[in-house]
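Contents: one structure, followed by commentary.
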Amino acid sequence: MKITIEFNDTDMMNYKKGIQDVLDIVSKISNAEKTKQKEIEKMLKSSGGIKQEQNQPEVKQEQQTPQYDVVDMQKAAFEKANQIENGVKKVKALIKKYGVETLPEMDKKHYEAFLKELEELV
């Protein structure tokens, strides 16, 4: 990412403190993005790059249920609401079926079932 900001001498004199604060914020955001990208790359390398050695016995993994967070739920609900007729009304009704008014209030144990029912909405 490249950001270019130009200031003239008058701007620098009048807004020195504000400009410095903005530049500090931009720098922090940039550093956070770089750190996040490095973490993602590290996770991808460790998960895809390691092959199990032939001498080691294969470890059976228990079937894990997908882990969703409220952002995943909201995204799926928003997309479905935009795809179907009266989508907002139908999605809200489905949310209420689980005894809550909004997705952040929903118990995480219901996420998978909610997503399955959400897919079936027409």
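Derivation of every value follows stated rules applied to the coordinates shown; laboratory data play no part. Since we're looking at a predicted model, the values are computed, not measured. For neighbour counting, all protein chains shown are included, and Cβ atoms are generated from backbone atoms with ideal geometry for every residue, glycine included.
Annotations
- Surrounding net charge for Ser27, when Lys and Arg each add one and Asp and Glu each subtract one, Cβ distance under 13 Å: -1
- Protection proxy ranking, peptides 95-108, 70-83, 22-35, average beta carbon neighbours within 10 Å, highest first: 70-83, 95-108, 22-35
- Full extension of the chain between Gln67 and Asp9 gives 15.6 nm of extra length, using 0.36 nm per residue less the Cα-Cα distance.
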